[in-house]
Amino acid sequence: MRIDIVTIFPSFFDSPLREGVIHRACERGVLDIRVHDLRAFTLDRHRVTDDAPYGGGAGMVMKPEPLFAALEQLKGENPGATTVLLSPQGRLWRQALVREYGTRPGMILVCGRYEGVDERVREALVDEEISIGDYVLTGGETAALVLVETVARQVPGVVGQPESVAQDSFFAGLLDHPHYTRPAEFRGRAVPEVLLSGDHAAIARWRRREALRQTLRKRPELLAAAELSADDLKLLEEIRGADDRGC
Ligand code: SAM
């Protein structure tokens, strides 16, 4: 998958894209992530990317000319890519959407700053506005990184063990089960016995039960949309019963 990022702060991405699974996926050629300095698409001597808003008022607005130049070029280089404007006014970024983007051929991510980008950029060149949450960031760079990280996890070959993605929170509509590692006992707290048993069926059942329990306790509203088997519904009843008895 090719991902292009358009920003006035390209160095923002230096460290995050040089670490961990994303970096390794880029080295192996599974991901091709290119960060573009918007100033390189300006034509004036001072490489200006923003201007005062028509109508007056506080803040600056990102000028259309360099954004049009950048996006027209990148759409040609990354055909089929979805052009995304990071924006607090966009569609909320959730796991179902992450999975859908994971199947697309590429993304071009536009990072806004100041009061945002000239509206004509959105009208003419943006396929979708995406928000990572109902709050306002200073710039789109942090949000772009969230999109890169989450979509990259869906691309085959990025995460070494695909089953670890499938058991992540939200993937199947539930939160993940708790995890433990050595030592088996630490400061008087023991790892659940079943995890040491070597009984894979019992471990799988415990994990499913704990995923249901975490979801019921922390995000009960997710259960309404989750795909639950008859066995899951029975487990949920048991968990509710145990909770009512204060277990
Ligand atoms: N005036 C804009 C508004 O209220 O809709 C906010 C502009 S914000 C200070 C600057 C830039 O940060 C935006 O253009 C956008 O790219 C990015 N941004 C801010 N909050 C965001 C969010 N929740 N999700 C995605 N991008 C966001």
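Here are a few things to note about the model shown:
- Segment 89-163: relative contact order in percent, alpha carbon pairs under 8 Å with at least 6 residues between: 48
- Each other residue within a Cβ distance under 13 Å of residue 237 adds +1 if Lys or Arg and -1 if Asp or Glu, for a net charge of 0.
- Residue-averaged [θ]222 nm for the chain, counting only DSSP H segments that reach four residues, each worth -39500 (n - 2.57): -11000 deg cm²/dmol
- With Cα atoms defining each centre, segment 177-247 and segment 96-120 are spaced 36 Å apart in the structure.
- Spread of Cα-to-Cα distances over 10 Å intervals beginning at zero, given as percent, for segment 110-247: 9, 26, 28, 20, 11, 5, 0
- Taking 1.567 mPa s as the viscosity and 4 °C as the temperature, the Stokes-Einstein diffusion coefficient of segment 21-146 based on its alpha-carbon Kirkwood radius rounds to 83 µm²/s.
- Antiparallel %, DSSP beta bridges [both residues in segment 2-152], to 5: 10
- Mean shadow area of the chain, taken as a quarter of the surface of its Cα convex hull (nm²): 18.4
- If R0 is taken as 35 Å, the Cβ-Cβ distance between residue 238 and residue 135 corresponds to a FRET efficiency of 0.35.
- Choice from 149, 19, 115 with maximal GNM fluctuation in the chain (Cα, 10 Å cutoff): 19
A short reminder: the numbers here are calculations on the coordinates, not readings from a lab. Keep in mind that what you see is a predicted model, and the values were worked out from it rather than measured. Neighbour counts are summed over all protein chains in view; Cβ atoms, including those assigned to glycine, are modelled from backbone coordinates with ideal geometry.
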